[in-house]
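The block underneath contains the structure these notes are about, expressed in structure tokens.
Every number in this text was worked out from the coordinates using simple rules, so none of it is lab data. Keep in mind it's a predicted model, so treat the numbers as computed, not measured. Neighbour counts are summed over all protein chains in view; Cβ atoms, including those assigned to glycine, are modelled from backbone coordinates with ideal geometry.
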Amino acid sequence: MSTDVSDAVELTGSSVAPYSPENPAPVIEPPRTRTKRTPRSSRTNFEMYGWLFMRLSGVVLVVLVLGHLLIQLVLDGGVQKVGFAFVAGRWASPFWQFWDLAMLWLAMLHGGNGLRTVINDYAEQANTRVWLKTLLFTAVAFTIVLGSLVIFTFDPNIR
Amino acid sequence: MSTPNSPTLDKHSSALDAAEASASHLITVTLRIRRFNPEVSDHAEWVDYQLPIDPKERVLDALHKIKWEIDGTLTFRRSCAHGVCGSDAVRINGRNRLACKTLIKDINPEKPITVEPIKGLTVLKDLVVDMDPFFQAYRDVMPFLITKGNEPTRERLQSAEDRERFDDTTKCILCAACTSSCPVFWNDGQYFGPAAIVNAHRFIFDSRDEGGEQRLEILNDKDGVWRCRTTFNCTDACPRGIEVTKAIQEVKRALITRRF
């Protein structure tokens, strides 16, 4: 630490005249130099869009998820009615296909982005951060792909 | 001129008598201070100090009393000692406050009063932390007037309404109580922190300033305003009563309305 200070502070007696009207005081380098992993200015709006997406998808998910729970668990005889035939009947309609697809994508991206934020906030080491995020993105991608595949290729005559 | 029976001396001794008589107001408090001396030990430890003090005095007075009368090695920062310079932000009973604005009677003197350095910054000794990262974040948002064109030959005039727009954030004294109460800052010192955003807000919403776009671009960064989780710790901690979280939200809103 002491060597850093002596490097940063231009003391009198060095070869270059340290003081002048332009340079009236010793130059002290800013101590908060950012690491190489965090570029000074990315100049992208990714974080802003991420923040906006969380708010908007949250509002939509309230409607989608609560509606989903109400229909599946409360209306028309409750949870007992849910079976293969019930799902087959629902997915015959493009409306419910879209509902479930939207719910799947929004919930996975919303939850995934939320966990990404939690990892960014709480993972202390860069390595941990990378591994946790890799695990998270794999899980999100896997679930989205599998779910979409099922919704689009669902065959009611499978048995 | 000065005889043993001079009125000055009489007055003095009566003042002393009065002071001794009022000593009954004093109560005994225990200050539990987080002490750290890197030249002695790698570890910080809690040390208790018992002292008689008037409950209407401040925690800073208690710290002074300890340093001047009990243990001269106690190290802490203070300059003006009246809530203006922002030097003596410490964590008292788990809350960030200015030691010079916290009265003993307001923080339950029956129990030991814990005093520790503010969190998230490197402790150098006892209650003194390294403030460099904090001030670097402050410098990074360019907290000065930026204008284009020729300088006017008179003052830059501003309406009362325009001045009101950023009045709240002009109150900041840079004590770091907000930034060091922020859980995001505790975990990642790369986050600008509430204080830097408050001081950017002060210029972004100043009608005379023309550097708002640059400051917004800086705060749009990965470590900028989007890391705020609106936990309101900063608003609770601010000894000047600045609505810090509101200011951060206003910067977010400015960023969004600028894009759309």
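Just a few scattered comments:
- Sequence-distant residues sharing a close amide H with B:Leu51 (under 5 Å, placed H): B:Val29, B:Leu31
- Centroid-to-centroid separation of region A:128-159 and region A:48-94 [C-alpha atoms, Å]: 18 Å
- Ordered from longest to shortest, the equivalent ellipsoid semi-axes for region A:54-152 are 32, 15, 12 Å, each the square root of 5 times a Cα gyration tensor eigenvalue.
- Note: relative contact order over region A:42-159, using C-alpha pairs below 8 Å and six or more positions apart, is 31 percent.
- Computed from the alpha carbon positions, the gyration tensor of region B:25-129 leads to an equivalent ellipsoid with semi-axes of 20, 16, 13 Å, biggest first.
- Average beta-carbon neighbours from other chains, 10 Å sphere, peptide B:178-191: 2
- Isolated Cys residues of chain B, judged by Cβ distance under 4.7 Å to other cysteines: B:Cys100, B:Cys172, B:Cys175, B:Cys182, B:Cys228, B:Cys238
- Residue with peak Gaussian network fluctuation, chain B [Cα springs, cutoff 10 Å], from B:Asp42, B:Asp209, B:Asp188: B:Asp42
- Look at B:Ser87, B:Ser41 and count the other Cβ atoms within 10 Å of each Cβ; fewest to most, that gives B:Ser41, B:Ser87.
- Cβ crowding within 10 Å ranks A:Asp155, B:Asp221 as A:Asp155, B:Asp221, fewest other Cβ atoms first.
- MRE, 222 nm, helices only [DSSP H, n ≥ 4, -39500 (n - 2.57), over chain B, to nearest 500]: -9000 deg cm²/dmol
- Set of lysines with alpha-carbon distance to A:Lys133 below 24 Å, sequence-local pairs under 8 removed: A:Lys36, B:Lys222
- Estimated from the Cβ-Cβ distance and a Förster radius of 56 angstrom, the FRET efficiency linking A:Phe154 and B:Trp186 is about 0.70.
- For the residues of A:120-130, the average number of beta carbons from a partner chain within 10 Å of their own beta carbon is 2.
- Theoretical FRET efficiency, 1/(1+(r/R0)^6), r = Cβ-Cβ of B:Lys56 and B:Asp236, R0 30 Å, to 0.05: 0.80
- Protection proxy ranking of B:77-83, A:72-78, B:138-144, A:59-65, by the mean of other Cβ atoms within 10 Å over each peptide's residues and highest first, is B:138-144, B:77-83, A:59-65, A:72-78.
- Taking max minus min of the alpha-carbon positions on each principal axis, region B:70-193 gives extents of 59, 32, 28 Å, largest first.
- Other protein chain Cβ atoms within 10 Å, averaged over every residue that makes up B:127-134: 1
- Per-q log10 I(q)/I(0), chain B, q = 0.07, 0.15 Å⁻¹ (Debye; single scatterer per alpha-carbon; no solvent): -0.34, -1.05
- Percent of Cα-Cα distances greater than 11 Å, calculated over region B:84-132: 69 percent
- With the simple spin-label model, which puts each label point 7 Å out from Cα in the Cβ direction, the A:Val82 to A:Gln97 separation comes to 2.2 nm.
- Extension gain from A:Val74 to A:Leu146, taking 0.36 nm per residue of separation minus the Cα-Cα distance: 23.2 nm
- A simple packing score, the average count of other Cβ atoms within 10 Å per residue, orders the peptides A:123-135, B:192-204, B:105-117, B:153-165 as B:192-204, B:105-117, A:123-135, B:153-165, with the highest score first.
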